[in-house]
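The values are calculated or read from the model by the stated rules, or taken from the named source; none is laboratory data. Not measured: the values here are computed from a predicted model. FYI the Cβ positions are ideal-geometry reconstructions off the backbone, even for glycines, and counts take in every protein chain you see.
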Amino acid sequence: MKSATLKRYRIPFLVTGIVLALVFLDFFVGYRQDKILEERKAQKKRVERLAWYLERTNIEDIFYTGEGGRYTMKLKYENVRPDEEMWIMVFSIKAFVQVGTLWRELSVNDMRMKRGDYSVERLKDPLTMTVTFDMPFTDYQELMPGYMHMKINNLSYISAEAVAKEDIIEKNEDVFIYVSTEKKKGKVKTLLR
């Protein structure tokens with residue numbers, strides 16, 4: 001009689017055991033997924049912090065070349081906390097001048113574009129890039145007498161790793177600057193805004 005009772009309850013016990021195992025498995029998988037999502041969120045915040053707070057782009061100098069309306073501009077990219085690893089790929093640099101109420105794009109010659117050299121650089125030491133641009137306009141807006149109003153647009157991609165599968169931040173920033181309209185060969189006076 002005891003074995004008949006055990007046989008009768010064996011299937012419900014087996015089903016209960018399977019259900020409990022599935023509930024435990026579901027709980028474990030959910031726990032692991034939450035952990036992975038938290039790690040990804042923390043990594044994304046870290047890379048955003050690198051891009052928006054620790055990477056600085058500055059216009060170092062602008063020179064008038066003396067060749068028509070051609071200028072040379074040096075930009076400096078730096079990691080303000082070199083102890084934190086940062087990788088950057090500067091994708092494009094554009095220059096605009098204000099003509100009336102419009103921004104007119106200037107022809108920018110970035111030697112990397114011709115070579116197709118869009119390499120990822122470790123930003124431990126400051127990175128300097130030099131580009132040239134032509135100023136074909138003479139009717140530019142002078143918000144300040146003797147200075148043309150310019151906008152420099154910089155598009156770069158920033159990551160915490162050299163080869164990142166995800167968590168790459170696209171940083172598109174504009175720098176507004178006033179550039180002296182005086183056409184003397186050499187360094188040009190500028191006022192940053």
I'm checking my understanding of the structure. Among residues of segment 69-104 that are of a type in the set (Ser, Thr, Tyr) and farther than 19 Å from residue 136 by Cβ, which one is surrounded by the fewest Cβ atoms within 10 Å (Cβ to Cβ)?
92
Residues within segment 52-66 that are outside any strand (DSSP E or B) and more than 19 Å from residue 147 (Cα to Cα), tallied
3
Index of the failed condition, residue 84 passing every other in (1) under 25 Å from residue 67 (Cα atoms); (2) outside any strand (DSSP E or B)
(1)
Take segment 145-173 and flag every residue that is surrounded by 12 or more Cβ atoms within 10 Å (Cβ to Cβ) and either free of Cβ contacts under 8 Å to residues at least 12 places away in the same chain or farther than 22 Å from residue 82 by Cα (or both).
147, 148, 149, 150, 151, 152, 153
Among the residues that make up segment 113-133, is at least one of them more than 28 Å from residue 43 (Cα to Cα), surrounded by 14 or more Cβ atoms within 10 Å (Cβ to Cβ) and charged (D, E, K, R)?
no
With respect to residue 173, determine if the residue is of a type outside the set (A, V, I, L, M), touching a Leu at 6+ places or on another chain (Cβ under 9 Å) and modelled with pLDDT under 90.
no
